[in-house]
1. Quickly estimate the mean residue ellipticity at 222 nm for the chain, helices only: each DSSP H run with n ≥ 4 gives -39500 (n - 2.57), and the total goes over all residues, rounded to 500.
2. Cα axis of helix 18-27 to longest principal axis of the chain: angle in degrees, 0 to 90, nearest 10?
3. Can you give me the relative contact order of the chain as a percent, contacts being Cα pairs under 8 Å and 6 or more apart?
4. For 49, 35, what's the fewest-to-most ordering of other Cβ within 10 Å of each Cβ?
5. Taking all pairs of distinct Cα atoms, average 1/r, flip it, and tell me the Kirkwood hydrodynamic radius of the chain in Å to one decimal place.
6. What is the helix-to-structure angle for 36-47, meaning the angle in degrees between its Cα long axis and the longest Cα principal axis of the chain, kept from 0 to 90 and rounded to the nearest 10?
7. Only counting other Cβ atoms within 10 Å, I'd like 45, 53 sorted with the fewest neighbours first.
8. How would you rank 66, 55, 2, going from fewest to most other Cβ atoms within 10 Å of each one's own Cβ?
């Protein structure tokens with residue numbers, strides 16, 4: 001499972017499958033889906049002068065999912 005992001009697709013899924021959406025959120029350590037702006041801020045950071053030495057890395061933005069509980 002990957003981190004969940006609160007997009008129109010996710011919102012449609014939660015409306016049509018509330019029990020499944022609740023189960024997925026229950027597996028998310030933060031208990032919520034990421035906001036689109038959180039993903040955008042992460043991308044902006046990687047593209048900024050603040051991250052010049054980050055190269056060839058696999059960085060997770062998944063609400064602590066890969067780090068566990």
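1. Values: 3 runs with 31 residues, N = 69.
Using -39500 (n - 2.57) per qualifying helix, the result is -13500 deg cm²/dmol.
2. 40 degrees
3. Details: 50 pairs, mean separation 29.2, N = 69.
Computed value for the chain: 42 percent relative contact order.
4. Numbers: 49 5, 35 12.
The most exposed by this proxy come first: 49, 35.
5. Details: mean 1/r = 0.0745 Å⁻¹.
Result for the chain stands at 13.4 Å.
6. In the chain, helix 36-47 runs at an angle near 20 degrees to the longest axis.
7. Working: 45 12, 53 5.
Listing 45, 53 from fewest to most nearby Cβ atoms yields 53, 45.
8. Starting with the residue having the fewest Cβ neighbours, the order is 55, 2, 66.
Computed from the coordinates by the stated procedures, all read-outs in this text should not be read as laboratory data. Please read these numbers as outputs of a predicted model, since none were measured by experiment. With ideal geometry, Cβ positions are generated from the backbone for all residues, glycine too; neighbour counts draw on all protein chains shown.
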